[in-house]
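*Asks:* Input: one structure, supplied below.
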Amino acid sequence: MLVQPCVEAFGLGAPPPDPVPGQCWIVGDSPAGAWAGSAGALASWTEGGWRFAAPREGMAVWIAGEELAARYVSGAWRAGQLSAAQLVIDGEQVVGAREGAIDEPDGGSVVDAEARAAIEAILQALRAHGLIDGG
């Protein structure tokens, strides 16, 4: 339940009718029945009944049915969100910190020159983000 937990579902308000020992859930915000008073906790069914574990900052679980990770951050579970400074694949950075906005072309009498400048700015931003090769 606490070491690499895998939950059946995220945010349920009431216990499932026929749990199997070892199955876990993340309890919803307004729990009822056997889960009353355990909002946000991990609930695991055991041979001895329900066991609850309060989440701790940074705790992560796998939501099996959705194939998503959930992490407990700032007092709440967040499913499917990923926080990172950069994304590295096969040793290569492919996404980094967000760059500033690209200004729209403005003025000028030759449209092709403006279009070329805009395309160059887009390519430069994509390279800065690591989304395309620096070529």
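What follows is calculated from the coordinates using simple rules that are stated; it is not laboratory data. Quantities reported herein were computed from a predicted structural model and do not represent experimental measurements. Cβ coordinates were reconstructed from backbone atoms using ideal geometry, including for glycine residues, and neighbour counts include every protein chain displayed.
*Asks:* Let me check I have the definition right: for region 6-79, take the eigenvalues of the Cα gyration tensor, multiply each by 5, take square roots. What are those semi-axes in whole Å, largest first?
*Replies:* Calculated on Cα positions only, the semi-axes equal 18, 14, 11 Å.
*Asks:* Under a Cβ-Cβ cut-off of 12 Å, what is the net charge of the residues other than Gly22 that fall near it, where Lys and Arg count +1 and Asp and Glu count -1?
*Replies:* In short, -1.
*Asks:* Counting other Cβ atoms within 10 Å, which trypsin sites (Lys or Arg not before Pro) in region 1-79 have at most 15 and lie in a DSSP loop?
*Replies:* Arg56
*Asks:* Using a 10 angstrom Cβ neighbour count of at most 14 plus a DSSP loop assignment to flag exposed GluC sites (Glu not before Pro), which longest range of the chain is free of such sites?
*Replies:* 1-46
*Asks:* Which value, in debye to the nearest 20, gives the size of the charge dipole of the chain about its Cα centre, when Lys and Arg are +1 and Asp and Glu are -1 at the Cβ?
*Replies:* Charge dipole, the chain, about its Cα centre: 740 debye, nearest 20.
*Asks:* Please report, in whole Å, how far the alpha carbons of the chain spread along each principal axis, starting with the longest.
*Replies:* Projected onto its principal axes, the Cα set of the chain covers 77, 32, 24 Å.
*Asks:* State, to one decimal in nm, how far the label point of Ala97 lies from the label point of Cys6, with both points 7 Å from Cα in the Cβ direction.
*Replies:* 3.8 nm
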